[in-house]
Structures are given as structure tokens and as C-alpha cells.
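Read the structure below first, then the notes.
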Amino acid sequence: MIKNYLCEPMEKRDRIYEKVLRLEELSVEEGLYLYTEAPLQEMMSIASKLRQIHVPGNLVGWQIDRNVNITNLCFSQCRFCNFCRKPGDPDIYITSIEEYNKKIRDLFEFGGDQLLLQGGMHPDLGLDFYIDLFKELKSRFPKLKLHALGPPEVVHLTRKESTDYSTVLDALIEAGLDSLPGAGAEILCDRVRKIVSPAKATRTEWLDVMRVAHHKNLPTSATMMFGHVETDEERIRHLKYLRDLQAERPAGHYGFISFIPWPFMDKGTVLAEKHGVRTNVSRSDYIRLIAISRIMLDNITNIQTSILTVGRETAIMSLHGGANDVGSVMIEENVVSAAGSSGMHDAAQLQSVITESGFIPSRRNQKYEAV
């Protein structure tokens, strides 16, 4: 009886691992069991095998792009964000065309061609503003790729214009939108969202915007910001929501090209200063999350480690735990940097992370196509 009792957990894990390697979907309960009970080395080994199934070979992706914040005024006032400003604050700005000109010229000089454009959600900027901005940028820089906004901005614009997601996305695509970031996902659980970002899109709204984008074959990414007030089960359910939505995409459509998780950065945030919520993600915690992401997300090809937030050593280990991409040089970044991140890397440093891990750097574009 003692022997059988001691062997049962290992046998249970082995059964789940066999299911995983057959590329069968795990239930939330099975995923949660592995996430909370399985040894990290086992999870990394299984995730590494899955990585070779989905992305065979020894290449690890990286990219050059630039992040520009359209404005720092945002009505959402998320409790993890130090970057946003309120109406009446003295340092509110909207980035000017002259500033875009300089920033984009610098981007091209660095060898990149993608601009990541994000909020805040300015209460006075409607759909016409973004249409005009995208068209102007594309007319000045025809080769520029716009990876812009995100589901919360689409929800905001839809409400502001009294229309629907499809109409807003069609207008943005026609104006020059090339792909839609997975920004604003945080944790796809409304209990959590009411605490960390109560004015932002709900779980259903976020997923619905992405569903429409997938039907239009607009490339998208998916994200997770974890390590604050969510439970382990809510993390796993977040992954299941993404996997289920990815399964709905029409055949041959991009859907979610990648998944990027990163830990909550707490420095100076309202969550930390007023609510006592501190980041609780260790190196092993992050690698475990990378591994379970590869295991649960059997239909999302690329898993990106967030070197910006976790740093070099954790990123290296992540590449042996299911990740196949280290993200971007990201010439400019403001939001997580304002909350304590100091993980900015240049092109040479990103490539050295990959080679030190025993892999080969492969520069890519937003569609994860080799450049």
C-alpha cells in the first residue's frame, strides 16, 4: 500500500506527460496539477520536447523594433501602471508628427522597421485621430510596420464611436495597421481585472476583439502579466481561454502568433504602495510559467521570454524550458521601465543571450518570419 501510494503521483504525471506529447489538450485540472505539483526539471524537459515539435531546430528569434507611446493621458488608471497621467496633470503629452519622424528615422537607422504604438487611452482621441495618424505615418514611411493599440483601445474606440469591433478594426487596417498586440490581457479573469485594471476591457471584451481580429486574418499576439493578485488556477484558466480562442480561428489564418508572459513590476505602483501587493515571481516561478505555457498552448507556435522584465539569466533558462524567442531590442519602452524594469538589451546583447544558451540567433519580423 505504501509503495502504490508513493508511485501514484509519478504515474499520474507520466499519464499527463504522455497526453501532452501526443499533442492532446489538457484540462484546467491537469494543467494546474502539473503547474503546482510537477518538478521543474520534468516540466522543462517536456516543454523543451514540445518546443522541438512546434519549432524544430536550434534557432531562437529576436527582433528590432521601437515602442512609442501615443499619449501618456489614460482614463484607465490601471493600478500597476506608473506611466499614465490624469486630466489636469502638468506633464501630459500627445506625441507630435515631428517626434514620430525622428523616432522612426532612428528606428530605420538601427535596422528595424516595426513601430509598436500603444496608449494611453486618451478620452478625447477618437477613431479619426488614429486613422489620420496611421495614414500619415505610412505616407511618410511606406515600409514601416505598425504593431499598434490592443483590445482595450479597440473596446474604447468602439464605445466612443457607438459602433462595433469589426468596423473599428476595418478602419484601422485600411489606415495601415499591420498587427494587433495582445496588450491589456493582464489576467483574463474579471475578479482580478476589477482589482488591477477596473476601467479596462473585461475578459470577454478582450477575447471578443481578438476573435474578430482573427477572422480578419490580422496577426495578433497574446500576453499575460502575472504575479500580483491572481491564483494559480486563474493563470491556467488564462492559458485555456487563449488556447480555446486560437482553436476558433479560420483555417490558414494567423490567430495568435506568439504568447509573451511577464511578471508584475511593482516599484511605485498603486498596487504596491496602497494595497501592499508585491511581485512574487522568482526565477523558478517564471520558468515554470514558461513551461506550463508551452504545455497548455498546444496551438500557439511561439513562446517568448520577456528579457526586458526577467533579465539575462532567467531568459537563458527559459530557452531550455519551452521558449523559442527572446523578443525585441525595443529601442524605447516606458511602461514597465517606470515600474522598475531594467532589462533593456541591444542587438548584440540579445544575440549573445541566445548563443550563450546554445542556440542560434535568428532575426525575425512580427509575423515570426526570418529576416
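Over the residues of the chain, the helix contribution to mean residue ellipticity at 222 nm works out to -14000 deg cm²/dmol, using -39500 (n - 2.57) for each DSSP H run of at least 4. When the solvent-accessible area of segment 240-307 is split by element, carbon and sulfur atoms take up 47 percent of it, the probe being 1.4 Å. Stokes-Einstein, applied to the Kirkwood radius of segment 75-200 over Cα pairs at a viscosity of 1.567 mPa s and 4 °C, places its translational diffusion at 82 µm² s⁻¹.
The Rg/Rh ratio for the chain is 0.96, where Rg is the radius of gyration of the alpha carbons and Rh is the Kirkwood radius. With loop defined by DSSP as not H, G, I, E or B, and exposure as at most 14 other Cβ atoms within 10 Å, which is the longest segment of the chain clear of exposed GluC sites (Glu not before Pro)? Answer - 25-368. Among THR204, THR167, ASN365, whose Cα lies farthest out toward the positive end of the dipole of the chain, if unit charges sit on the beta carbon of Lys, Arg (+1) and Asp, Glu (-1)? Among THR204, THR167, ASN365, the one farthest towards the positive end of the dipole of the chain is ASN365. Around the Cα centre of the chain, unit charges on the Cβ atoms of Lys, Arg, Asp and Glu (plus for the first two, minus for the last two) sum to a dipole of about 280 debye.
Working note: Karplus 6.51/-1.76/1.60 with θ = phi - 60° gives segment 17-24 the couplings 4, 4, 5, 4, 6, 8, 6, 9 Hz, where Gly and Pro are set to x. In this structure the amide hydrogen of VAL329, modeled in the peptide plane, comes within under 5 Å of the amide hydrogens of GLN63, ILE64, ASP65, none closer than 5 places in sequence on its chain. In this structure, the amide hydrogen of SER76, modeled 1.01 Å from its nitrogen in the peptide plane, lies closer than 5 angstrom to those of MET121, counting only residues at least 5 positions away or on a different chain. Scattering from the C-alpha atoms of segment 36-111 alone, worked out with Debye: what is log10 I(q)/I(0) at q = 0.13, 0.14, 0.20, 0.24 1/Å? Log-scaled intensity ratios, in q order: -0.75, -0.78, -0.90, -1.10. The Kirkwood hydrodynamic radius of segment 245-336, based on inverse pair distances between different Cα atoms, is 14.7 Å. Taking all protein chains into account, the per residue accessible area for the chain stands at 42 Å² (1.4 Å probe). Each residue of segment 131-143 was assigned a 3J(HN,Hα) from its phi angle through the Karplus curve 6.51 cos²θ - 1.76 cosθ + 1.60 (θ = phi - 60°); the sequence is 4, 4, 5, 4, 4, 5, 5, 5, 5, 7, 9, x, 8 Hz, with glycine and proline shown as x. Be a star and scan segment 156-197 for residues whose amide nitrogen sits under 15 Å from the point 7 Å along the Cα-to-Cβ vector of GLU233. Output list for this probe position: 189-192. Of all beta bridges that DSSP places with both ends in the chain, some 5 percent have antiparallel geometry.
What residues qualify as long-range amide H neighbours of THR220, i.e. H under 5 Å apart, gap of 5 or more or another chain, H built at 1.01 Å from N? Correct list: LEU180, GLY255, ILE257. In the structure shown, the pairs LYS135/LYS194; LYS86/LYS274; LYS49/LYS216; LYS86/LYS240; LYS86/LYS194; LYS216/LYS240 are assessed against 24 Å; a Cα-Cα span above that value is assigned to LYS135/LYS194; LYS49/LYS216; LYS86/LYS240.
Hey, what do the phi angles of segment 91-105 turn into as Karplus ³J(HN,Hα) couplings, whole Hz, using 6.51/-1.76/1.60 and θ = phi - 60°, x for Gly and Pro? 3J(HN,Hα) across segment 91-105, in whole Hz: 10, 5, 9, 10, 4, 8, 4, 4, 5, 4, 3, 5, 5, 6, 4.
The values are calculated or read from the model by the stated rules, or taken from the named source; none is laboratory data. Note that the structure is a prediction, hence the values are computed from the model and not measured. Neighbour counts run over all protein chains shown; Cβ positions are idealised from the backbone, glycine included. Remember, those area values only see protein heavy atoms, side chains included, never the ligands or the DNA or RNA. Shrake-Rupley method; radii C 1.70, N 1.55, O 1.52, S 1.80 Å.
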